[in-house]
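Chemist: Supplied in C-alpha cells, the structure appears directly below.
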Number of protein chains: 2
Amino acid sequence: MRLGRGVEWGIHCAALLAELGPGETLSAAALALKFGLSPSYLLKHLKTLTRDGILVSVPGPAGGYRLARSAARISLLDIVQAIEGSGPAFRCCEIRQHGPERLPPAAYPRPCAINAAMLRAERAWRSALAAESVADIVARFHAEADPRSVAASREFLARYRRPQRGRPERATV
Amino acid sequence: MRLGRGVEWGIHCAALLAELGPGETLSAAALALKFGLSPSYLLKHLKTLTRDGILVSVPGPAGGYRLARSAARISLLDIVQAIEGSGPAFRCCEIRQHGPERLPPAAYPRPCAINAAMLRAERAWRSALAAESVADIVARFHAEADPRSVAASREFLARYRRPQRGRPERATV
DNA sequence: GGATGGTTACTCGGATAGGAGGTGTCCGAGTTCTAAGGG
DNA sequence: CCCTTAGAACTCGGACACCTCCTATCCGAGTAACCATCC
C-alpha cells in the first residue's frame, strides 16, 4: 500500500491556506516556493483539489488559491479522497467464483467475508481521517512547532498573500 | 491508495490451507486451479508468504504449502504486511524543512502533525486487520456461504490434499 | 481630471513524455519418488 | 526376497519482460491589471 506525494503536498498547502484572511489567496508559485516543490507538479494536484471543491482558484494576475470552505469543515479524508480517489484500496475480484466449481452468481448473495473484513478496516482508516480537520492540524502546528517556524510562516504569508479582488480585505469571520 | 491483487489471493489461499489436516499440504498448482489464477504468478506471492513465515513449503514431488502456524494465530495484517510490505502508506518527506526559510533539523524535535495524524489513521487500519484472523474468515465462510460452495471446497480438498510426508496423517490438534 | 479601450503580463487548465512499481511469465536448483539391478 | 543405486519427474526458488499508474514538465486559454489615449 502506498500513498502518492500529492497527499502530503495537498494537506500542507491546505494548512497554509487556512491561515489566510477571508478572500485572500496564495499563488501556486508561492506555495511551491514555501515547500520547495516543483511548481508545475504542485499545480496538478491543486487543480485536482479545485475540481473536488476543496479549493477555489482565482484566475488572472494577482490570482491564486484559497480554501473553498472553513478549515474546520475540511477533513484529511476529503483531501486524501480527492487526490487518491474515493474507491476502496482493496478491490475484491470475486475469485471465489472463478474456480472450476463455480456456482451461478445467485449462490453468492452475501459479500465475500474477506472483502467485508478488508472494507471494515478501511472504514476505520477513513473514520480516523475524517475525524481530523485541517483546522486541527493548524492548531497543533501553532501549539507544538518551534516559535521561529511559526513566525516564518506568518512572515511568508504577509509577503505573498493576495488580497481579495474588487474590494479591500474585509474581516467577515 | 491501492492494494495489489496478491493480498486477496494470499488470504484466500491461507483460508483454504486452514482447512487442511495437520501436516497436509496443497500444491501451488492446486491453489491456482481452485481460484482460476495464474500458477506462475500465484507462486510468486506464496513464496513471499513463505519468506515471511506465514506458510511453510515442502519441496519435491507430492510437496506443496501449508500454514506455518494455526489459522487462529495468523491475522489478516500478517498477510497484508507480508505482501505489501510493512512500511507506512504515508511517507512524510519533511517538506516543512524544505522551504527557503528552513531551520536547523534540531528545531523539529516533534514529528510533523500531518504525519502523526496520517499514521494514527494507519494504526486504526492495522488494528482492525490484526483483530481478524484467518480462522475467523473460515468460520464466517462456513456459517454464511452457500452449502454447495462449502461442499465443493470439501470435495476439492479431498481430491488435491497431500498427506504429511514420512508418516501417515496424524491428528495432533 | 475622468472614462475608455487596447495591450500586456500573469494566472490557472489540459495535454504530453519519463520512470518506478505491480503484473505476468519463464527457466533452473533441489528433493523425493520410482524402478531397475545386484546380493 | 531385500537392499542399493541411478534415473526421472515433480516441486519450489529466483531472474527476466510487459504494462499500468505515479511523477514531472511544457505550452495554450483565459482573465484582470495596467497604461495610453480621448473626452
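Nothing in this text is a laboratory measurement; each read-out follows from the coordinates by a stated rule. Because the structure is a prediction, the values reported are computed rather than measured. Neighbour counts run over all protein chains shown; Cβ positions are idealised from the backbone, glycine included.
Chemist: Rounded to the nearest 10 degrees, what's the angle between the helix B:39-51 long axis and the longest principal axis of chain B, both from Cα atoms, 0 to 90?
Modeler: 70
Chemist: Right, next: Just how far, in whole angstrom, is the stretch B:62-137 from the stretch A:6-71 if you go by their alpha carbon centroids?
Modeler: So the two Cα centres are separated by 29 Å.
Chemist: Just to confirm the number: angle between the C-alpha axis of helix B:134-144 and the first principal axis of chain B, 0 to 90 degrees, nearest 10?
Modeler: Between the helix axis and the principal axis of chain B, the angle is about 60 degrees.
Chemist: Sticking with this structure for a sec: Under the definition of partner shielding as Cβ atoms of other protein chains within 10 Å of a residue Cβ, what is the mean value for peptide B:109-116? Walk me through the intermediate numbers first.
Modeler: Numbers: counts 3, 4, 1, 8, 13, 12, 2, 4.
That average works out to 6.
Chemist: Spin-label point model (7 Å from Cα, Cβ direction): what's the residue B:72 to residue A:155 distance in nm?
Modeler: 6.3
Chemist: Net charge near residue A:36: determine it from the other residues with C-beta under 15 Å of the C-beta of residue A:36, scoring Lys and Arg +1 and Asp and Glu -1. Please list the in-between numbers first.
Modeler: Numbers: positive: A:5, A:34, B:96, B:102; negative: A:8, B:94, B:101.
Summing Lys/Arg as +1 and Asp/Glu as -1 gives +1.
Chemist: Between 0 and 90 degrees, rounded to the nearest ten: what's the tilt of helix B:147-160 against the longest Cα principal axis of chain B?
Modeler: It is inclined by approximately 70 degrees.
Chemist: Roughly how large, in nm² to one decimal, is the mean projection of the convex hull of the alpha-carbon atoms in the protein assembly as shown?
Modeler: The number I arrive at for the protein assembly as shown is 22.0 nm².
Chemist: While we're looking at this one, here's another question. Between the label point of residue A:44 and that of the same position in each other copy, find the distances and list them shortest first in nm, with every label point placed 7 Å from Cα along the Cα-to-C-beta direction.
Modeler: 2.5
Chemist: Could you list, bin by bin from short to long, the percent of Cα-Cα pairs of the stretch B:1-74 in 10 Å steps?
Modeler: 19, 59, 20, 2, 0
Chemist: Quick check for me: using +1 on Lys/Arg Cβ and -1 on Asp/Glu Cβ, what's the dipole size of the stretch B:52-108 about its Cα centre, in debye to the nearest 20? Mind showing how you got there, number by number?
Modeler: Numbers: 6 positive and 5 negative charges, 30 e Å.
Around 140 debye, computed over the stretch B:52-108.
Chemist: Sticking with this structure for a sec: Compare A:158, A:130, A:18 in a GNM of chain A, Cα atoms joined below 10 Å, and give the one with the largest fluctuation.
Modeler: Greatest mean-square fluctuation among the candidates belongs to A:158.
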